[in-house]
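Read through the structure below, which is laid out as structure tokens, and then see the notes.
No value in this document is a laboratory result; all are computed from the given coordinates. Since this is a predicted model, take the numbers as computed values, not measurements. Please note: Cβ atoms are built from the backbone with ideal geometry, for glycine as well, and neighbour counts cover all protein chains shown.
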């Protein structure tokens, strides 16, 4: 929880300081949507790469040795991320939301990976609606009361958390995650 809180604070700091990104050959002032979409794309690449790297016959894998009682299978991790990507942006009036029940029913790797990819498309559409004017506007009620900036940051942090778990599952099955292959580790 402390790590997620630190990640969320770091992401929020990105909005507090004028950020610039170099896109291709030009440099422009980044918007809140640019900032969050950039971070989401980085995380999406790692998560989707991990989901695609696990063989279909290992989607039901869950560790059994050690303190892993009751943990999600690899496929359940991926489905959970897909569901969460929709839930974080619930109420943002972004078309294309999918119900958790529809994702929970999925059993094949191909269908689960497609649902994951579709959920990131949806998340990016929601993030596209974040502006400097509405980023810190409070929305929701009760325990779901938050700002757009916080919800986007938490969604990204949530993906990071589950990506770490997916990496453990991959490595327990002798698979080096694609993101690690790129860096040579």
Exercise for the section: Pairs of Cα atoms under 8 Å, at least six residues apart: use those to get the relative contact order of segment 70-183, whole percent. Expected result: 27 percent
Completion exercise
A correct fewest-to-most ranking of 111, 101 by other Cβ atoms within 10 Å would be 101, 111
Completion exercise
For segment 70-183, using Cα atoms only, the Rg and Dmax in Å read 15.5, 47
Practice task
Could you sort 60-67, 74-81 so that the peptide with the highest average Cβ count within 10 Å comes first and the rest follow in order?
Solution key: 74-81, 60-67
Exercise for the section: Neighbouring Cβ atoms within 10 Å as the yardstick, rank 88, 154, 136 fewest first. Expected result: 136, 154, 88
